[in-house]
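The block underneath contains the structure these notes are about, expressed in structure tokens.
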Amino acid sequence: MKRFIFIGLVVVSILSVLAFAMPSNLVAAAAETPSPTPEPAVTGEPHEISGAPQIIHDQVSKTWGPKKQILDGDTMYQGRYERPFDQEMLYFPGADISLAALYRPGDGWIYTKLRLTQQPKADDKTNYVIELDLDRDGRGDTLIMTSLPAGNKWATGTVSVWEDKNKDVETGDVNSPNKGDGYETKYTEDPEMAFARLSPDNPQDVQIAFKQAYIGGSKGMFLWRVWTVFNTWESTKIPPEDQYTLQEAGVPYYLNADYPLKAVYGMDNTCRAPSGYEIYGQTRIKGSCVVPAAPVH
Ligand SMILES: [Ca+2]
Ligand SMILES: [Ca+2]
Ligand SMILES: [Ca+2]
Ligand SMILES: [Ca+2]
């Protein structure tokens, strides 16, 4: 018995060390709340956000950003970006994601929050994006994009939804970009599929809600992550590793030979996290969040 307790303590200790060692990548899973079936189609606006979120932390670059560089969090071959800078390496804290949260309260909507390092404003010229990977192959399928929402009320006016119908997103890599057409098809089936607003509670948050029917209902499974992209980035040019090599893109690490940023600037994203299911240990999903290894039974 003592031996099992000892092993248990060792596992707990290792997990604690992992949790402290990797704060920018850690993903915390929230329990799913099953909703009643059959699921009625929702209409009207999303509601207030409730329940426990799943949270993805992202690198915050406010210390090094003003020095025209970053310390960590940008790995282009993994599709991970930390480039909230313009072409002159001027830092935009309102475009620097610090965390993302996703809520599935079971009311017909899925809610997401993007928390920026500073209150977002129109001068940031930034779009806020949630990317969905519906077949969970580690390649995005849909972008729900909004420019800066007008206010604290849910509205569709700033939102557009783009799909990769011809499935060419992330089929190349940074060494041989596929030069595809990204998320080329505008989704028009339901003009009220997604809403956005500024948070009524936290001035640093942009919120996006979309119908859970889009991901297959209350038990739907998908991978997700969030982006900020300057509004000069069309959905057809995302992700940028499909369009540019590392040399063309430039690098935000000061001592790197490819510093400073060149073609790929004005961009931040998070790692990818699963919703509705779990990933344990090693995964082949590109840019996946680091998750603790499965417990040994
Ligand atoms: Ca990032
Ligand atoms: Ca960031
Ligand atoms: Ca996919
Ligand atoms: Ca495409």
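Every number here is computed from the coordinates shown, using simple stated rules; none is lab data. Being a predicted model, the structure only gives us computed values, none of them experimental. With ideal geometry, Cβ positions are generated from the backbone for all residues, glycine too; neighbour counts draw on all protein chains shown.
Tabulated data for the structure shown
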| item | result |
| --- | --- |
| Label point 7 Å beyond Cα of THR245 along Cβ direction - residues of the stretch 150-179 with amide nitrogen under 17 Å | 172-179 |
| Cα-based Rg of the chain normalised by 2.2 N^0.38 Å, two decimals | 1.00 |
| Computed [θ] at 222 nm, helices only, for the chain once each DSSP H run of length n ≥ 4 contributes -39500 (n - 2.57) | -2500 deg cm²/dmol |
| Aspartates and glutamates whose Cα lies under 16 Å from that of LYS179, excluding same-chain neighbours fewer than 8 positions away | ASP164, ASP168, GLU170, GLU234, GLU241, ASP242, GLU248 |
| Residue order, fewest to most surrounding Cβ atoms within 10 angstrom, among ASP201, ASP181, ASP268, ASP190 | ASP201, ASP190, ASP181, ASP268 |
| Most mobile of ALA196, ALA213, ALA95 in a GNM of the chain (Cα contacts under 10 Å) | ALA213 |
| LEU71 versus ASP173: modelled label distance in nm, points set 7 Å from Cα along the beta carbon direction | 2.9 nm |
| Unit charges at the beta carbon, dipole of the chain: most positive-side option, GLY180, LEU132, ILE55 | ILE55 |
| Residues HIS47, HIS57 arranged by fewest to most Cβ contacts within 10 Å | HIS47, HIS57 |
| Average Cα contact separation per residue, the stretch 49-275, under 8 Å, 6 or more apart, as relative contact order % | 26 percent |
| Out-of-range pairs (alpha-carbon distance over 18 Å; input LYS165/LYS262; LYS121/LYS237; LYS125/LYS286; LYS113/LYS153; LYS113/LYS186; LYS121/LYS211) | LYS165/LYS262; LYS121/LYS237; LYS125/LYS286; LYS113/LYS186; LYS121/LYS211 |
| Ranked TYR187, TYR259, criterion: other C-beta atoms within 10 Å, fewest first | TYR259, TYR187 |
